């Protein structure tokens with residue numbers, strides 16, 4: 001009988017610890033189920049590496065979250081909707097960039113504030129955007145240009 005009580009107490013302790021870790025992970029995840037921010041939109045040529053739920057940062061500080069990504073069937077451009085904390089006012093001439101979080105890190109949406117005194121209103125579109133840079137494409141260009149230089153050098157040398 002004594003072992004059943006010990007097993008029950010140990011099971012309860014394990015469940016309490018698991019509940020504590022779940023609560024800790026939820027509170028520190030930054031996930032907000034309510035829509036407590038101001039929504040904005042931006043259009044990009046490409047959004048490689050950007051994900052729904054990803055960060056929106058200004059000066060390296062997280063100020064919002066990406067809500068939705070879709071493709072415009074007429075222009076074939078990527079449309080990104082994101083939400084920002086309501087206390088942050090964005091100047092009208094601000095720009096949005098897709099930036100990498102280090103070499104192996106993910107990507108996030110970075111807002112670069114402009115100097116205009118007039119601010120964007122809820123639902124407005126950010127006009128100035130810079131799409132993501134594909135690391136794979138840059139490496140491919142580097143390899144291709146190195147091969148072209150190598151073949152040009154071989155063509156210019158006299159044969160023995």
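Each value in this text was obtained by applying a stated rule to the coordinates, not by laboratory testing. In this text the structure is predicted, and so the values were computed from the model without any measurement. Backbone-built Cβ (ideal geometry, glycine too); neighbour counts: all protein chains shown.
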Which entry is the computed semi-axes √(5λ) of the Cα gyration tensor in Å for this structure: (i) 45, 30, 13; (ii) 27, 20, 14; (iii) 30, 15, 13? (i)
Principal-axis tilt of helix 2-28 within the chain, Cα atoms, nearest 10 degrees: 40
Contour excess over end-to-end distance, with Cα ends at residue 52 and residue 25 and 0.36 nm allotted per residue: 7.8 nm
If the chain between residue 133 and residue 8 were fully stretched, how many nm would it gain, using 0.36 nm times the residue separation less the Cα-Cα distance? 39.4 nm
Could you tell me the calculated FRET efficiency between residue 116 and residue 72, based on Cβ-Cβ distance and R0 = 30 angstrom, to the nearest 0.05? 0.70
FRET efficiency, 1/(1 + (r/R0)^6) with R0 41 Å, evaluated for residue 146 and residue 79 via beta carbons: 0.65
Extension length gain for residue 124 and residue 103 (0.36 nm per residue less Cα distance), in nm, is 4.4 nm
Can you give the angle from 0 to 90° between the axis of helix 135-156 and the longest principal axis of the chain, with both taken from C-alpha atoms, to the nearest 10? 20
